[in-house]
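The values are calculated or read from the model by the stated rules, or taken from the named source; none is laboratory data. Note that the coordinates shown come from a computational prediction; the quantities given were computed from them, not determined experimentally. Quick reminder, even Gly has a Cβ in these numbers, built from the backbone with ideal geometry, and neighbours come from all protein chains shown.
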Amino acid sequence: MTRRIVYPGTFDPVTNGHLDLVTRALKLFDEVVVAVGENPLKRPIFTLNERLELLNLTAGRDPRVRVASFDGLVVDFAREIGACAILRGLRAVSDFDSELQRALMNRKLDRDIETVFLMTGFRWIFISSTIVKEAAQFGGSLEGLVPPIVEERLKEKFRQRPPR
């Protein structure tokens, strides 16, 4: 039986912190499904197809990683694909509060799907997609924060649209 975990997020953009969690989850699970969801509360810079492409070019190079999109509840998606767990990354204590609430709700919705929390690697602890986008928007260096292809695509995006 394949031990499969789903790692949901908007991944706008995928960062080295995200990729670190995928790599570390592969030490615990046979397969990681990186699931790109649409969050109506967020306005992504990359389209869904662009985020899927960037994830396939980075995390998806490992045959044990599958990249997919989903709409709706992550527990429903996890059940559909036969995942036994949901992966969530924690950077700071402030993350834990909201992630605990989300995990408890998911547990109420489906008791058979566990939530696994992994601490972000120390070198990635300050990185978030929001901070990366802000730096990119104003021409800051993204070296070491995102894969080179993501840095290139961010620069293209911000050349196309001026800062707000």
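Residues of segment 16-47 that are of a type outside the set (F, W, Y), under 18 Å from V132 (Cα atoms) and more than 12 Å from the chain's Cα centre (by Cα): K42, R43, P44, I45, T47.
Quick check: anything in segment 141-148 surrounded by 13 or more Cβ atoms within 10 Å (Cβ to Cβ) and over 23 Å from R51 (Cα atoms)?
No, segment 141-148 contains no residue that is surrounded by 13 or more Cβ atoms within 10 Å (Cβ to Cβ) and over 23 Å from R51 (Cα atoms).
Checked against the criterion of being farther than 18 Å from L118 by Cβ and among the basic types (K, R), the candidates R64, R43, R91 yield just one match: R43.
Within segment 101-117, being surrounded by 16 or more Cβ atoms within 10 Å (Cβ to Cβ) and touching a helix residue (DSSP H, G or I) at 6+ places or on another chain (Cβ under 7 Å) holds for N106, I113, T115. Number of residues in segment 1-42 that are aliphatic (A, V, I, L, M), assigned to a loop (DSSP other than H, G, I, E, B) and without any contact (Cβ under 8 Å) to a residue 60 or more places away in the chain equals 3.
Restricting segment 40-79 to residues that are under 19 Å from N106 (Cβ atoms) and in contact with a Gly (Cβ under 9 Å, 6 or more places away or on another chain), the residue that is surrounded by the most Cβ atoms within 10 Å (Cβ to Cβ) is V74.
Of the numbered criteria (1) modelled with pLDDT under 90; (2) surrounded by fewer than 10 Cβ atoms within 10 Å (Cβ to Cβ); (3) more than 23 Å from V32 (Cβ to Cβ), the one F138 fails is (1).
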